[in-house]
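The values are calculated or read from the model by the stated rules, or taken from the named source; none is laboratory data. Small disclaimer: the values here were computed from a predicted structure and weren't measured. Every residue, glycine among them, receives a Cβ derived from its backbone with ideal geometry; neighbour counts consider all protein chains shown. We work out accessible area using only protein heavy atoms, side chains counted, and drop any ligands, DNA or RNA first. Shrake-Rupley method; radii C 1.70, N 1.55, O 1.52, S 1.80 Å.
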Amino acid sequence: MATNAVDETKATEATTEKAVDTTESDEATRTQTDAPAETEVIETEVAETEVVATKEEAPSGTGQGAAAVVSAALGVVSLTGSWVGTIAAARQNLVGQLETAQGAGVAQQIQAVYGDAWQATALWAGLFAALALVVGVVTLARPAFGTPGRIQASWIKSVAWAGVALGVIGLFLAVLKYTGILLGLPSAG
């Protein structure tokens, strides 16, 4: 019996050792299996970080698009008139009425009341036209100073060119209005 007890003890110890060995080998297998997964996660995170960094570095063109639209809008305002130009004309009309003497000649009254107001409107239209022209030209020239090889979207170019064209036309008309060549004041004679 003693021999059986010794044999049973040795068998139990062998089974325990096998169980320990199996547990250790399972842990080693899990560690080896988990390691590539962790490596893949780390590599994926690095790749995602690089993509995000690339997206942040590459400009989207939103600012250029907005500048092109602003250029075109300023060109339209220079042709149609602005609230600021209307207020400036009304103010100049009032100043002309206050400063003109009652005994002044008709030509002098027309110039003080209407001519100066017309010129104020032309000045503001010319200012908006010049701004449209400058913003449009800067928008078109921007890619030359940006990221090499980056192409400006065609719609941005089109809208910027529209702003430049409207700015040139508006500036031309403003000069004609201010000098009296276009819709000049009637003669008092």
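Condition check: modelled with pLDDT of 85 or more, within 25 Å of Ser71 (Cα to Cα) and surrounded by fewer than 12 Cβ atoms within 10 Å (Cβ to Cβ). Does Ala141 satisfy that?
Judged against the criteria, Ala141 is a match.
Is it the case that Gly115 is buried (at least 16 other Cβ atoms within 10 Å of the Cβ), more than 18 Å from Val70 (Cβ to Cβ) and either touching an Asp or Glu at 6+ places or on another chain (Cβ under 8 Å) or among the polar types (S, T, N, Q) (or both)?
no
Would you please list the contacts, defined by Cβ atoms under 7 Å and residues six or more apart or on different chains, that run from a residue in the stretch 88-109 that is free of Cβ contacts under 8 Å to residues at least 24 places away in the same chain and open to solvent by 100 Å² or more (accessible area, probe 1.4 Å) to a residue that is outside any helix (DSSP H, G or I) and not acidic (Asp, Glu)?
Gln108/Thr100
Scanning for something modelled with pLDDT of 90 or more, open to solvent by 80 Å² or more (accessible area, probe 1.4 Å) and not charged (D, E, K, R), does the stretch 69-82 turn up at least one residue?
yes
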